[in-house]
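Inspection log for the structure reproduced underneath, given as structure tokens.
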Amino acid sequence: MNQPLEPTLDRLPHPWMRYFVATRPAFLSVTFVGCLLGLASAALSGVALDPLKATVTLLFALLAHGGANVVNDYYDAKSGCDAANDERVFPFTGGSRVIQNGVLSLREAGIYGYALLAIVIPAGLWLTAVSAPGLIGIGLAGLFAGWAYSAPPLKLQSRGLGEYGITAAWLLIVVGSDFVQRHEFSFTPVAAGLGFALLVANVLYINQFPDVKADTQAGKRTLVVRLGVQRARWGYALIALLCYGWVTAMTLLGHLPAVALISLLPAIASFKAAQNLAAHAAQPMALVPGIKLTILAASLHGLLLAVALTFLA
């Protein structure tokens, strides 16, 4: 199976492209979907959406995600984890490779990642001014989750807590996008967003399997490292079941309309991915179909639910 070519200076002659690639743009789509789901949650409650605030929310959520990706690569490079990862499945695991391949220096990547996170702060303050003070708490919690995922002293991923951090971060994206429009807290975005956030966590989870050897060598005690490959593979199905069970429960309890059940269709992709992982947990390249199906399941679930809440409810 041919892998996409990793970034190098020869392939990225323009400096702006080097910095763009460092954010791992292909993975930013889940944040785009999370923002749409938050807007749909507000629309379900009859809130008239403000296009300007929605655009600013989306743009700076994407910048925050990109910054967190670069910061994660920075600390994985400092630990030697990405450099030692000879079983990576690029572009899904093993980082963006911009540091290891000399596209950016370690110092440049560190400054860039933190600069992206810092840029988000003034936008968050403006959105707070035009919505409500509670947004400050949501924004700070989201930035904290993105930073603490890989940065010392917390290093949530290295402590086997990465999935919890990712679930919290993407739930906050949905809740925050809703809050900017609604100007107050509501349970509706939690009902709509937690299942989606769990599927995003499953993207992280399955990506840990090809990286398990390098993570072990670097002292990263991820959940897969702690459980071992054979036991950990069943965790994927559990996370997926929690997602689809949550959406079903929220629908039955009346927190989501019946049409929200259309978002259960990606369970087919999750099931296929779980089969792939169960059969090939210790074979990194054989996991590519499962990884792709996992990304598809998360994105499609969020999009279907957003469409259902906005146009069909």
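Key figures
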| quantity | calculated |
| --- | --- |
| Among (1) in contact (Cβ under 8 Å) with a residue 24 or more places away in the chain; (2) assigned to a helix (DSSP H, G or I); (3) surrounded by 20 or more Cβ atoms within 10 Å (Cβ to Cβ); (4) not small (Gly, Ala, Ser), the one test that residue 210 misses | (2) |
| The lone exception for residue 73 - which of (1) of a type in the set (Asp, Glu); (2) at pLDDT 95 or above; (3) not in a helix (DSSP H, G or I) it fails | (3) |
| Hits in region 76-95 - residues which are of a type in the set (Asp, Glu) and either surrounded by fewer than 22 Cβ atoms within 10 Å (Cβ to Cβ) or in a loop (DSSP other than H, G, I, E, B) (or both) | 82, 86, 87 |
| Flag for residue 189 being farther than 26 Å from residue 262 by Cα and either touching a strand residue (DSSP E or B) at 6+ places or on another chain (Cβ under 8 Å) or surrounded by 24 or more Cβ atoms within 10 Å (Cβ to Cβ) (or both) | no |
| Condition met for residue 27 (modelled with pLDDT under 95 and of a type in the set (A, V, I, L, M, F, W, C)) | yes |
| Members of region 236-255 that are closer than 24 Å to residue 222 by Cα and among the hydroxyl-bearing types (Ser, Thr, Tyr) | 236 |
| Tally, over region 262-295, of residues that are without any contact (Cβ under 8 Å) to a residue 60 or more places away in the chain and in contact with a Pro (Cβ under 7 Å, 6 or more places away or on another chain) | 1 |
| Of all residues in region 136-179 being part of a helix (DSSP H, G or I) and among the aromatic types (Phe, Trp, Tyr), the one that is surrounded by the most Cβ atoms within 10 Å (Cβ to Cβ) | 170 |
| Residue list for region 43-76, restricted to those being more than 19 Å from residue 142 (Cα to Cα) and in contact with a Lys or Arg (Cβ under 6 Å, 6 or more places away or on another chain) | 47 |
| Which listed residue, of 110, 124, is out of contact with any strand residue (DSSP E or B) (no Cβ under 7 Å at 6 or more places or on another chain), crowded, with 16+ Cβ neighbours inside 10 Å and either in contact (Cβ under 8 Å) with a residue 60 or more places away in the chain or β-branched (Val, Ile, Thr) (or both) | 124 |
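To keep it simple, each residue is scored yes or no on (1) within 24 Å of residue 168 (Cβ to Cβ); (2) among the aromatic types (Phe, Trp, Tyr).
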position: 8; (1), (2): no, no
position: 27; (1), (2): yes, yes
position: 30; (1), (2): yes, no
position: 33; (1), (2): yes, no
position: 58; (1), (2): yes, no
position: 71; (1), (2): yes, no
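The values are calculated or read from the model by the stated rules, or taken from the named source; none is laboratory data. Just so we're clear, the structure is a prediction, and the values are computed from it rather than from any experiment. For neighbour counting, all protein chains shown are included, and Cβ atoms are generated from backbone atoms with ideal geometry for every residue, glycine included.
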